[in-house]
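The values are calculated or read from the model by the stated rules, or taken from the named source; none is laboratory data. What you see is a predicted model, and the numbers here were worked out from it, not measured in a lab. Glycine gets a Cβ as well: all are built from the backbone with ideal geometry, and neighbour counts include every protein chain shown.
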Amino acid sequence: MRIQRLNEYSKYDEMVNDFIYNLEHFKLNEGKSEDKTYKKIIKDLKLNVNLIGIFGAGIGAFYPIVEKLMSGLSVELTTESVVLATICALSILYLEGKKTKKVDEEALRTDSKSMLEELKLRGIGNGIVKKIIAAFDSIKNIFTTITKHTGSVINGFIDMFAYTALLIPVMNAVKFIIGKYDLNLETLVANFAGLTVGIGTVVAKHAITDIISKLKDKIDIKKDKIIGDIKTPVIQKFGDKEFGKPYGDDVEIIQEQ
């Protein structure tokens, strides 16, 4: 058991070093745009057109993560199905969390159910969507760990999208870690729990502002975009969260198959 723990420590330590290195050496590039696919899916499924406005750059930031995590599944993956799974997971997380934007929640709830049904038709069941949501939540924990050392506090998952200039480099580092360590929907949460603790230790010892300063030459990060007056969030243990019941016991978006 002692050897196993040493191996885990070494792996997480290596992960942290890789993450920080990729964060510091982030290179901005245009990448692949799925804007047309977003709009097509929203139009075809007659979804709320405000979905793009709610999530903004978040869809593009999370798309490659979902694509990588779903690549090992025994289902036929298309750009449309990955985009649909990304929007669906983001929508459910929005409804579960503290609302920071005024939206028609009933419409978003209906849209989420429509997306879940469409995903089922494509062979992507509710269990997979739950795992994507859990992966997103783990990424949020990493992002929160970094931002809290800048004086900011993230109230909820969607709050990350207000820090786009920092979100993109973080997601770039996340994607690298997933690829290098061959993480998937089954292994990401446990590994990112260890990664989060390790990152917390590093940013506590080495001011995160040093990292942000290195990023300033590559992307437009302003101090007032990083440090804000945000209320302290309600802390909830990951294990206590019921992804199937974001609206109370009487309404469920994700039901067990």
Cβ-Cβ below 8 Å, separation at least six or inter-chain, first residue in region 38-50 and touching a residue at least 24 places away in the same chain (Cβ under 8 Å) and under 16 Å from Glu106 (Cα atoms), second assigned to a loop (DSSP other than H, G, I, E, B) and of a type outside the set (Asp, Glu): which pairs?
Asn48/Val103; Asn50/Val103
Criterion (out of contact with any Ser or Thr (no Cβ under 7 Å at 6 or more places or on another chain), polar (S, T, N, Q) and at pLDDT below 90) met by exactly one of Ser138, Ser152:
Ser152
Qualifying helices (runs of 4 or more DSSP H) (wholly inside region 1-116; at least 1 residues being surrounded by fewer than 17 Cβ atoms within 10 Å (Cβ to Cβ) and at pLDDT 85 or above):
2-24, 79-96
With (1) buried (at least 21 other Cβ atoms within 10 Å of the Cβ); (2) in a helix (DSSP H, G or I); (3) of a type outside the set (D, E, K, R) as the list, and Leu183 as the residue in question, which single condition is left unmet?
(2)
Can you find a residue in region 83-92 that is out of contact with any strand residue (DSSP E or B) (no Cβ under 7 Å at 6 or more places or on another chain) and either without any contact (Cβ under 8 Å) to a residue 24 or more places away in the chain or aromatic (Phe, Trp, Tyr) (or both)?
no
Give me the residue from region 163-180 that is small (Gly, Ala, Ser) and modelled with pLDDT of 80 or more and, out of that set, surrounded by the most Cβ atoms within 10 Å (Cβ to Cβ).
Ala173
